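Notes follow once the structure below has been shown.
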Amino acid sequence: MADPVIAQKAPYAKELAAGDYYWCSCGMSKNQPFCDGSHKGSEFTPKKFTVTEPKTYYVCGCKMAKSGGPFCDGTHKSL
């Protein structure tokens with residue numbers, strides 16, 4: 001599998017309302033950290049996640065989270 005593009009070496013702090021979101025796993029979206037369809041034609045697919053509590057979330061920007069995303073786990077610190 002190809003490596004994703006590192007969108008940024010830090011998380012995106014996003015105030016999210018309750019609902020469903022699609023995290024960009026390829027790093028090519030112009031609407032980071034969310035999917036805009038830029039992955040089409042690649043081996044990447046967006047990762048759906050659901051927020052139940054409105055608050056600030058730290059969404060992975062490096063696309064290398066050990067958990068597979070969508071939330072930051074600090075992996076960017078070792079890049």
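Residue count for segment 52-77 under the criterion of being open to solvent by 50 Å² or more (accessible area, probe 1.4 Å), among the hydroxyl-bearing types (Ser, Thr, Tyr) and at pLDDT 95 or above: the result is 3.
Close contacts from segment 24-40, counting a first residue that is over 16 Å from Tyr57 (Cα atoms) and a second that is of a type in the set (Lys, Arg), with Cβ to Cβ under 9 Å and a gap of 6+ residues or different chains, come to Ser25/Lys47; Ser25/Lys63; Cys26/Lys63; Gly27/Lys63; Cys35/Lys47; Asp36/Lys30; Ser38/Lys30.
Mind listing just one residue for me: the one in segment 1-51 that is of a type in the set (Phe, Trp, Tyr) and within 11 Å of the chain's Cα centre (by Cα) and, of those, most open to solvent (accessible area, probe 1.4 Å)?
Tyr22
The values are calculated or read from the model by the stated rules, or taken from the named source; none is laboratory data. As the structure is a computational prediction, the values presented were derived from the model and not from experiment. Virtual Cβ from ideal backbone geometry, glycine too; neighbours counted across all protein chains shown. The area values use the complete protein model at the heavy-atom level, side chains included, leaving out ligands, DNA and RNA. Shrake-Rupley method; radii C 1.70, N 1.55, O 1.52, S 1.80 Å.
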